[in-house]
Amino acid sequence: MGSPKAALDWHGSTLLRRVTGIVARVVTGPVVVVSAPGQTLPELASRAEVVTDAREGRGPLQGLAAGLEAIGDRAQRAYVSSTDVPLLHPRFVEYVLRRLGDDFDVVLPEIGGYRQPLSAAYRVDLLGTVEELIAADMIRPAFLFERCRVLHVDGEAMLEDRTLAAVDPRLESVSNLNEPADYERARALPGPEVQVRRFGPLARSDTPRLQTVRAWSLGEAAAAVGLALDEHIVAALNGDQIIRDSQVPLVAGDAIAFIAADAGG
Amino acid sequence: MRRFPPGGYFGKVLIVDLSTGSGRTAPLQESVLRSYIGGAGLGTWLMHRYCPAGIDPLDPRAPLAFVFSPLVGTPLTTSAKFAVVGKSPLTGRLTDALASSHFAIAGKLTGHDAIVVHGACEQPSVLVIDQGDVSIVPAADLWGSSAEHTEATLRERMGPAWRCAAIGPAGERGVRYATISHDGRHAGRGGLGAVMGSKLCKAIAVRGRGRVASADPAGVLAASKDLRERSFGPATAKYRELGTMSNLLTFNAISTLPTRNFSAATFEGASALDVGEVSALKQVARSSCASCSIGCEHLVKGPGAKKTRMEYENLFALGPLCGVSDAEAVVAASSLCDELGLDTISTGGTVAWAMECAELGLIDAPWLRFGDADALLRAIEQIGAREGIGDLLAKGSRAAASAVGNGSEAFAAHVKGLELPGYEPRTLQSMALGLAVNARGADHNRSGAYEADLSGDHDRLNGGESHVAGAIDTENRAAIMDSLILCKFLRKVFADPYPEWATLLERVTGWDVDADELERTAERIVLAKRMFNLREGWTRAEDWLPDRFLSESLELESGRKATLTADRLDAMISSYYRGRGLEPTGVPRPSTVEELELQALTTDLDK
């Protein structure tokens with residue numbers, strides 16, 4: 001790719017900021033970024049924590065071990081993602097995590113004939129097993145899957161979930177960017193369609209209150225309706241969190257309410 | 001030599017005994033004024049000083065204080081405010097109700113920083129204060145009148161220089177959430193109108209001919225011009241352009257709109273109460289308080305084409321909280337509350353509780369149903385008259401639930417007896433803490449912790465340490481704004497509030513006050529209120545939310561559940577106590593009392 005994927009621009013943000021932001025929308029526990037020694041990371045959302053993978057070059061299991069160790073006892077399940085999946089949708093993360101019940105240790109999507117270990121859910125207590133494998137120099141994920149209970153979920157089964165199928169019908173959540181051309185193609189895609197509504201003094205009589213716009217981030221959505229997030233204007237994403245960070249990633253189907261920051265009354 | 005009184009003050013309080021019709025002045029030491037400033041802060045000190053411990057709020061000996069502030073009478077925008085302070089008949093704890101009107105200016109210019117009344121008139125009367133002269137004028141003909149009619153009649157009789165604060169029929173009849181009105185505005189929360197009514201005092205008429213000087217008149221003038229210009233900026237746009245009613249749709253969109261007695265946080269009828277679209281809520285006139293450049297008052301056409309003030313709290317409490325989406329009916333209900341002199345939040349909260357009870361068959365009022373606008377109006381009329389079920393509801397939701405029992409206490413939405421305002425605590429968890437711990441009870445003006453929840457700086461559904469910090473910070477800032485006094489709608493105008501407030505106070509008083517001192521003053525005032533309540537029997541159990549909020553979750557549009565567990569609330573309260581320098585029981589630590597110089601409240605008052 002010529003430069004670290006994490007810092008690649010994504011419509012005014014970065015790939016890493018987008019992916020961590022999407023995962024953060026789903027999980028209530030920590031969001032851990034595993035970096036290489038000496039790697040400079042772009043700006044992250046306030047909830048993201050960075051740990052360094054001290055043993056670079058030991059493959060995905062080493063990164064998995066570093067992440068699971070950082071989570072510790074703060075969560076029982078973890079969604080693991082690569083940084084180069086800008087089309088990741090929160091409903092995909094939610095689906096994979098939801099399937100990880102007590103009977104399995106890993107939920108492993110298989111899409112397009114490929115296993116997706118970097119779009120999968122793992123029990124945090126697998127850490128010991130992962131460390132044993134690394135110590136034995138068995139650093140391919142396949143060794144882990146042989147040692148634990150894996151729920152294999154194919155794309156067809158995933159799309160039986162209507163909520164997921166509605167927002168990610170081609171399961172592009174796992175589309176990663178391996179070549180510069182992949183990146184350029186993805187970046188040329190139009191932003192996801194989102195619904196924007198302005199409230200109170202932000203609503204104007206000359207424009208409809210409810211508008212559909214295309215935007216990759218909250219900042220883009222605000223700009224599309226002539227607003228900018230600042231100390232007087234905040235946004236509510238899907239009626240949930242109140243946000244002032246313009247880099248918060250948006251996905252298809254999002255509903256954004258722009259409101260006055262002062263709710264006194 | 002230091003000047004006394006300092007700029008902005010007269011350095012004395014007028015104490016009126018309604019039983020004898022006599023008045024006397026007592027000095028207010030500079031140390032007291034500097035420590036408590038004015039308004040709610042000075043009012044708290046006055047209650048420590050003049051309120052007998054353990055007294056029934058409706059006992060004639062219970063004092064009622066009208067407290068001004070150093071900024072009253074200056075050209076600073078929104079400064080024509082005063083606090084009415086007393087022991088609440090609704091909560092049994094300290095309450096201070098703020099309002100803005102010409103009464104503040106005329107009252108202060110009688111030459112006093114506060115007027116404390118105690119005793120009771122022999123018959124329905126008006127207390128007349130003309131500078132330092134006090135008299136009691138019988139006014140049986142006004143008994144039963146609305147506050148608006150009383151004010152108009154008195155000014156017609158006495159002349160336009162007179163300003164009046166009056167009670168309506170609800171105050172006369174002891175409704176425990178009756179208001180005190182002036183210029184059509186209300187000192188609303190906590191039922192101090194009933195305290196005034198218990199003294200057979202229909203109104204207080206004041207005429208001020210004094211003058212009060214600022215230490216730095218040119219500096220005050222310059223600050224006034226600057227503040228006025230800033231008050232026209234984006235920070236106050238909501239208040240100017242639409243008024244606070246525009247909160248309703250916003251809160252509905254973020255699942256924060258209390259609906260059907262807090263059983264839901266979104267209202268399916270919200271669009272029928274859209275201030276931007278619904279003709280019944282269209283502004284027919286815009287007004288402002290005395291000395292205010294914001295002009296948040298949006299008047300709509302009420303019953304009989306009468307202009308009626310509407311704001312978010314009226315709209316939410318008499319609309320979604322009661323399940324009513326008929327905008328005309330909500331305006332009529334609000335107008336009726338004004339006429340009777342009823343706090344709309346407590347009225348709506350108590351009626352909503354009764355509607356739920358009626359639907360569950362816990363009270364014998366089958367006509368009282370959520371969404372029934374006629375039933376809402378009928379209930380309000382009965383409360384004002386204390387007839388039928390109105391006699392029970394006139395006591396507020398806590399006392400009514402205590403009488404009805406059968407589990408109805410769990411959904412009586414109050415804290416310390418004061419009904420909750422229009423902010424859902426499960427989806428605003430910093431606010432949940434603020435509502436639980438505030439001395440006045442469930443209140444959005446003394447604890448504006450919703451600001452922290454809506455700042456975007458934390459997860460509003462997952463209360464923790466940052467929520468506690470937000471609750472303490474907003475409570476402190478409210479304590480200063482309520483004591484200076486400046487309108488809260490100016491708060492976003494101040495980018496760095498404490499230094500800016502210190503500068504304003506310095507220019508008016510001449511004190512070398514700085515931001516650090518004001519922050520300590522804020523903490524002192526918050527704890528002084530707590531200490532008054534402690535004296536009156538407060539225990540930690542009162543810093544809590546009703547069971548409904550801790551046992552029922554709400555689902556947001558995003559699919560997330562908003563849950564506030566008892567453990568989480570308890571943890572936040574414990575953290576709040578640590579942050580405030582309190583023992584785990586909620587009592588101030590001796591070191592905190594000493595550090596904030598609060599020991600004088602318990603040891604040095606010359607009673």
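We did not get these values from a lab; they are worked out from the coordinates using the rules stated. It should be emphasised that the depicted structure is a prediction, and the values quoted were computed from it without experimental measurement. With ideal geometry, Cβ positions are generated from the backbone for all residues, glycine too; neighbour counts draw on all protein chains shown.
Across every pair of non-identical alpha carbons in region A:193-260, the mean reciprocal distance, once inverted, gives a Kirkwood radius of 11.5 Å. Between B:E555 and B:E268, the distance separating the two model label sites (each 7 Å from Cα on the Cα→Cβ line) works out to 1.5 nm.
Measure nothing but the geometry: give the 0 to 90° angle between the long axis through the Cα atoms of A:15-26 and the longest principal axis through the Cα atoms of chain A, rounded to 10°. Compared with the principal axis, the helix lies near 90 degrees. Computed from point charges on the beta carbon alone (+1 for Lys and Arg, -1 for Asp and Glu), the dipole magnitude for the protein assembly as shown about its Cα centre is near 2320 Debye.
On full extension of the chain, what length is gained from B:T585 through B:R286, given 0.36 nm per residue of separation minus the C-alpha to C-alpha distance?
Numbers: separation 299, 0.36 × 299 = 107.64 nm, distance 4.75 nm.
That pair, B:T585 and B:R286, stretches by 102.9 nm at full extension.
Close amide-amide hydrogen proximity is noted between A:W10 and A:L15, each under 5 Å apart and 5 or more residues distant or on a separate chain (H modeled in the peptide plane; Pro and chain starts excluded). Assuming R0 = 41 Å, what is the FRET efficiency of A:C148 and A:A223, from their Cβ-Cβ distance, to the nearest 0.05? That gives a FRET efficiency of 0.30. Each residue of region B:37-42 is assigned a 3J(HN,Hα), and the resulting list reads 6, x, x, 5, x, 5 Hz, derived from the Karplus form 6.51 cos²θ - 1.76 cosθ + 1.60 (θ = phi - 60°), x at Gly and Pro.
So what's the gap between the Cα centers of region B:412-488 and region A:125-155, to the nearest angstrom? Centre-to-centre distance over Cα atoms comes out at 48 Å. For region B:33-142, trypsin sites (Lys or Arg not before Pro) are listed when DSSP marks them as loop and at most 16 other Cβ atoms sit within 10 Å of their Cβ; the list is B:R61. As a length-normalised measure over Cα pairs under 8 Å and 6 or more apart, the relative contact order of region B:21-133 settles at 26 percent. Coupling constants for region B:376-388 follow from the phi torsions by the Karplus curve (6.51 cos²θ - 1.76 cosθ + 1.60, θ = phi - 60°), and in residue order they are 4, 5, 4, 5, 5, 4, 5, 5, x, 8, 6, 10, x Hz; glycine and proline get x.
Only helices enter this figure: runs of n ≥ 4 DSSP H residues, each worth -39500 (n - 2.57), summed and divided by the residues of chain A, yield -7500 deg cm²/dmol at 222 nm to the nearest 500.
Ordering of B:198-206, A:166-174 by packing is B:198-206, A:166-174, highest average first (other Cβ atoms within 10 Å, averaged per residue).
Taking the convex hull of the alpha carbon positions in region B:441-603 and averaging its projected area over all directions gives 11.1 nm².
Solvent-free Debye calculation, one equal scatterer per alpha-carbon of chain A: log10 I(q)/I(0) at 0.08, 0.09, 0.14 Å⁻¹ equals -0.35, -0.44, -1.00. Using Cα centres only, tell me the gap between region B:215-276 and region A:68-119 in whole Å. Using only Cα atoms to place each centre, the spacing works out to 43 Å. Dividing the mean sequence gap of close Cα pairs (under 8 Å, 6+ apart) by how many residues chain A holds gives a relative contact order of 16 percent.
If you average the alpha carbon positions of region A:235-265 and of region B:493-549, how far apart do those two centres end up, in angstrom? Answer, in whole Å: 31. According to the calculation over all Cα-Cα pairs in region B:272-386, the P(r) per 10 Å bin from zero is 15, 45, 29, 9, 2 %.
Quick one: in the protein assembly as shown, what % of C-alpha pairs are over 38 Å apart? For the protein assembly as shown, the share of Cα pairs beyond 38 Å comes to 46 percent.
Return the average number of partner chain Cβ atoms within 10 angstrom of each residue Cβ along peptide A:243-254.
Partner-chain Cβ atoms within 10 Å, mean over residues of A:243-254: 1.
Positive-end ranking of B:F251, B:I363, B:A170 along the dipole of chain B, with charges on Cβ about the Cα centre, is headed by B:A170.
Report the Stokes-Einstein translational diffusion coefficient (µm² s⁻¹, integer) for chain B, Rh taken as the Kirkwood radius over Cα pairs, at 20 °C with viscosity 1.002 mPa s.
Details: Rh = 23.9 Å.
Roughly 90 µm²/s, to the nearest whole number.
Other residues lying with their Cβ under 11 Å from the Cβ of B:K202 contribute a combined charge of -2, Lys and Arg counting +1, Asp and Glu -1. Pairs over the 29 Å Cα-Cα cut-off, from the set B:K108/B:K301; B:K199/B:K416; B:K199/B:K307; B:K87/B:K282: B:K108/B:K301; B:K199/B:K307; B:K87/B:K282. Over the residues of chain B, the helix contribution to mean residue ellipticity at 222 nm works out to -11500 deg cm²/dmol, using -39500 (n - 2.57) for each DSSP H run of at least 4.
Normalising the average separation of contacting C-alpha pairs (under 8 angstrom, six or more residues apart) by the number of residues puts the relative contact order of region B:231-419 at 17 percent.
By the scheme Lys and Arg +1, Asp and Glu -1, what is the net charge of all other residues having a beta-carbon under 15 Å from that of B:G269? Here the count lands on -4. Judged by the mean number of other Cβ atoms found within 10 Å, the most tightly packed of the peptides A:38-44, B:357-363, B:291-297 leads the ranking B:291-297, B:357-363, A:38-44.
Which value, in debye to the nearest 20, describes the size of the charge dipole of region A:5-184 about its Cα centre when Lys and Arg Cβ atoms bear +1, Asp and Glu Cβ atoms bear -1, and nothing else is charged?
Numbers: 19 positive and 27 negative charges, 72 e Å.
With Lys and Arg at +1 and Asp and Glu at -1, about 340 debye.
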